[in-house]
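Asker: Quick one: this structure, given as structure tokens, is what I'll be asking you about.
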Amino acid sequence: MRWDKFRKSKNVDDVRGQTSRGGFRLPGGLGSTGGGGRRLRLPRGRGGKISIWGIVLMVGVAWLFGINPLELLMGGGSLSGGTSNQQYQQTNQSKPYNSSAKEDRQKQFISAVLGSTEDVWHQIFNQFDRTYKEPRLQIFKNLTTDNACGQQTSATGPFYCPPEQKIFIDMAFFDQMDRDFGVKGEFAYAYVIAHEVGHHVQKLLGISSKIQQQRSRLSRAEGNKLSVKLELQADCFAGIWAKRAEQQIGYLEEGDIASALKAASAIGDDNLQKKSRGHIVPESFTHGTSAQRVAWFKTGMQYADVNKCNSFN
Ligand SMILES: [Zn+2]
């Protein structure tokens, strides 16, 4: 793929070489910092609904810190929601990081793919008279990161943290895809990044918070079914990116699509479970089967239309 044609995003934070301890820092030096990466939870009534006291407190806190209270309410009740990216900070001890030429290139690649997703989603949101708010993306290396979504290690793989509106990618991920899944090819990696951006789009459209609410009322197995649908929609959104970026820039080369489909197939739940435990347990699927993931990515590519990505129907 000719990713050199893509505009590089400015939303990449590189924390390689840093050991991080996450913490919330509220404006004006108030609040907790350091240690644990705790999530500030607001009081909720029965059934996970935000209680009236929760709302009063939220509005009060929002007023105190100059945050739009609506954004706190929309952000799933977490103080790190909405615009409050600045509030969650990591206190880092950094030592100079010796980046290899290979990693430098990978960083360029990530910035390019992210930049391209920005251009595509700006275009789509504009068509619906909406504004696309770009996510940030943090790259790290062999680090345990604390963030508003809890603690993750390198083994977690790339992920999106909705309250922070941030994507996290361990640099080791490229080798891991190759080693553990036999997935090679830049377009396959790009698909994974575009999938995480797909989760960001779901966050902006209010889809993820709706699903989260529904999940809290369901059994584990039923909840897993919903999460599969959410994941498949993110695959479909990744397909939309792939197609629209091709229309915008023309970057695809022979074999690219095949390598993304191979990746989508390799990280299907059935395939992963067969590899790790030798058999599959469909009730525990959270991402969908290989066939489903491939199918939804293809749907996204075929129509390049958000409305065709309704995996919930
Ligand atoms: Zn996902």
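The values are calculated or read from the model by the stated rules, or taken from the named source; none is laboratory data. The model shown is predicted, which means the values in this text are computed figures rather than measured ones. Reconstructed Cβ throughout: ideal geometry from the backbone, glycine too, with neighbour counts over all protein chains shown. For accessibility, only protein heavy atoms count, side chains too; no ligands or nucleic acids. Shrake-Rupley method; radii C 1.70, N 1.55, O 1.52, S 1.80 Å.
Asker: Amide H to amide H, which residues 5 or more places from residue 183 or on other chains are under 5 Å from it, using H placed in the peptide plane?
Answerer: 178
Asker: Now a separate question. Can you give the accessible area of residue 164, probe radius 1.4 Å, in Å² rounded to 10?
Answerer: The accessible area comes out at roughly 10 Å².
Asker: Then there is this: Let me have the relative contact order for region 242-300, percent, based on Cα pairs under 8 Å that are six or more residues apart. Don't jump to the answer; show the numbers that get you there.
Answerer: Details: 45 pairs, mean separation 19.7, N = 59.
Taking the mean separation of contacting Cα pairs over the length of region 242-300, I get 33 percent.
Asker: I'm checking a number: the convex hull volume of the Cα atoms of region 201-244, normalised per residue, in Å³. What is it? Don't skip to the end; give the middle numbers.
Answerer: Values: hull volume 1.9 nm³, N = 44.
Cα convex hull per residue, to the nearest whole number: 44 Å³.
Asker: Counting Lys +1, Arg +1, Asp -1, Glu -1, what net charge surrounds residue 253 among other residues with beta carbon under 10 Å of its beta carbon?
Answerer: Numbers: positive: 2; negative: 186, 254, 256.
Around residue 253, the surrounding residues sum to -2.
Asker: Of 236, 149, which has the most accessible area with a 1.4 Å probe, and how do the rest follow in descending order? Kindly include the intermediate steps, with their values, before the conclusion.
Answerer: On the way: 236 0, 149 40 Å².
Per-residue accessible area, sorted high to low, gives 149, 236.
Asker: Going by average Cβ density within 10 Å per residue, which order do the peptides 200-209, 225-234 take, highest to lowest?
Answerer: On the way: 200-209: 19.4, 225-234: 21.4.
Ranked from most to least packed, the peptides come out as 225-234, 200-209.
Asker: Of the peptides 282-288, 136-142, how do they stack up when ordered by the mean number of other Cβ atoms within 10 Å, highest first? All intermediate terms of the calculation are to be shown ahead of the outcome.
Answerer: Details: 282-288: 16.4, 136-142: 19.4.
Highest-to-lowest ranking by the protection proxy: 136-142, 282-288.
Asker: Apply 1/(1 + (r/R0)^6) to the Cβ-Cβ distance of residue 176 and residue 227, taking R0 = 25 Å, and write down the FRET efficiency to the nearest 0.05.
Answerer: Working: r = 22 Å, r/R0 = 0.89.
That gives a FRET efficiency of 0.65.
Asker: Using a 1.4 angstrom probe on the protein heavy atoms only, could you order 145, 289, 131 from most to least accessible area? Mind showing how you got there, number by number?
Answerer: Numbers: 145 0, 289 35, 131 120 Å².
From most accessible down to least: 131, 289, 145.
Asker: For region 301-313, what does the Karplus curve 6.51 cos²θ - 1.76 cosθ + 1.60, with θ = phi - 60°, yield as ³J(HN,Hα) per residue in whole Hz, taken in order and with x for Gly and Pro?
Answerer: 5, 5, 9, 6, 9, 4, 5, 7, 9, 7, 6, 8, 7
Asker: Sticking with this one: Rounded, prolate or oblate for region 91-186? Axes are the square roots of the Cα gyration tensor eigenvalues, ordered a ≥ b ≥ c, and the cut-off for rounded is a/c under 1.5. It would help to have the intermediate numbers written out before the result.
Answerer: On the way: a/c = 1.82, a/b = 1.41, b/c = 1.29.
Judged from the Cα gyration tensor, region 91-186 comes out prolate (a/c at least 1.5, a/b above b/c).
Asker: Given a Förster radius of 35 Å and the C-beta distance between residue 284 and residue 130 as r, what FRET efficiency does 1/(1 + (r/R0)^6) yield to the nearest 0.05? All intermediate terms of the calculation are to be shown ahead of the outcome.
Answerer: Values: r = 36 Å, r/R0 = 1.02.
The value I calculate is 0.50.
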